[in-house]
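Data block below; observations after.
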Amino acid sequence: MVSGTCKGYAKPSWQTGVVGIPADGVRDLPDVSMFASNGLWGHYYVFCWSDTREGGTACTGAPSGWSGAGGTSFASPILAGIQALVNQKQGARQGNPNPVYYKLAATEYGASGSTSCNSTNGNTVGSTCIFYDVTKGDMDVNCTGTHNCYLPSGTNGVLSTSDSSYLKAYGTTTGWDFATGIGSVNAANLVNNWP
């Protein structure tokens with residue numbers, strides 16, 4: 001789930017139709033967003049890893065006592081698993097899913113975004129949404145040095161378009177953005193509404 005552009009690669013014909021996609025002529029990433037926190041502020045994927053000799057914990061009791069981790073090493077296989085559920089339901093491999101993702105997102109968001117599928121709605125987000133448009137926040141990246149790094153104190157700063165104040169480098173917006181792509185995925189709705 002890397003953000004940015006792949007210079008030298010032309011924008012694919014299917015990466016269209018969603019508000020926010022840059023008219024830059026190149027393939028833009030990411031496509032979708034998955035939760036990937038690795039424990040910062042107590043946020044992570046809980047998983048059962050019961051081999052205590054290798055650092056795991058017994059998978060008994062409340063899941064809050066189980067092992068936890070995150071990052072793209074967890075998020076990427078989870079999205080692959082979601083796509084495997086699509087393949088299973090369809091009874092065949094689906095190939096590159098991106099054209100379908102963008103078509104579904106274009107239908108859901110329309111030309112100006114979707115108020116019912118906006119992730120800021122929390123528990124009241126629309127029950128039929130396939131993607132949740134992430135419109136608040138940004139992607140923070142630790143940095144050191146003096147170029148594109150806001151460092152008010154300490155050792156690590158945050159990636160910024162200014163060296164003297166914090167200005168988001170990868171902020172979220174309506175529709176597609178460099179922080180979250182077309183948004184996060186409702187796995188059940190994606191599987192059950194695959195065309």
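Every number in this text was worked out from the coordinates using simple rules, so none of it is lab data. In this text, all values refer to a predicted model and were calculated from it rather than measured experimentally. A quick note on method: Cβ atoms are made from the backbone with ideal geometry, for glycine too, and the neighbour counts reach across all protein chains shown.
Result for the chain in a Gaussian network model with C-alpha springs under 10 Å: among 152, 12, 77, the largest mean-square fluctuation is at 152.
Considering helices alone, the calculated mean residue ellipticity of the chain at 222 nm is -6000 deg cm²/dmol, with DSSP H runs of length four and up weighted by -39500 (n - 2.57) and normalised per residue.
In this label model, residue 192 and residue 120 are separated by 2.8 nm, measuring between points 7 Å along each Cα→Cβ vector. Close amide-amide hydrogen proximity is noted between residue 185 and 33, 132, each under 5 Å apart and 5 or more residues distant or on a separate chain (H modeled in the peptide plane; Pro and chain starts excluded). Under a Gaussian network description of the chain, with springs only between Cα atoms under 10 Å, the residue in 185, 26, 18 that fluctuates furthest is 26. Reducing the range 51-89 and the range 6-35 to their Cα centroids gives an inter-centroid distance of 29 Å.
Converting phi to 3J(HN,Hα) with the Karplus coefficients 6.51, -1.76 and 1.60 and the offset θ = phi - 60°, the range 109-114 yields 8, x, 7, 10, x, 10 Hz in sequence order, with x at every glycine or proline.
If you put +1 on each Lys and Arg Cβ and -1 on each Asp and Glu Cβ, how big is the dipole of the chain around its Cα centre, in Debye rounded to 20?
On the way: 9 positive and 11 negative charges, 81 e Å.
Once rounded to the nearest 20, the dipole reads 380 debye.
So which residue, out of 115, 52, 144, gets the largest mean-square fluctuation from a GNM of the chain using Cα contacts under 10 Å as springs? Sorting by GNM fluctuation, first place goes to 52. Farthest toward the positive end of the dipole of the chain, out of 91, 46, 10, is the Cα of 91, where the dipole comes from beta carbon charges about the Cα centre. Ranked by how many other Cβ atoms sit within 10 Å of their own Cβ, fewest first, the residues 53, 27, 93 fall in the order 53, 93, 27.
For the range 29-43, the Karplus equation 6.51 cos²θ - 1.76 cosθ + 1.60, evaluated at θ = phi - 60°, returns couplings of 10, x, 8, 9, 10, 10, 4, 9, 5, 10, x, 4, 6, x, 9 Hz by residue, with Gly and Pro reported as x.
Place +1 on the Cβ of every Lys and Arg and -1 on the Cβ of every Asp and Glu in the range 37-170, take the dipole about the Cα centre, and give the residue among 77, 165, 130 whose Cα lies farthest towards its positive end. Going by the charge dipole, the pick is 130.
Checking every one of the chymotrypsin sites (Phe, Trp or Tyr not before Pro) in the range 38-75 against DSSP loop status and a limit of 16 other Cβ atoms within 10 Å picks out 49. Computed 3J(HN,Hα) for the range 133-141, one whole-Hz value per residue from the Karplus formula 6.51 cos²θ - 1.76 cosθ + 1.60 where θ = phi - 60°, is 6, 8, 10, 10, x, 7, 9, 8, 10, glycine and proline marked x.
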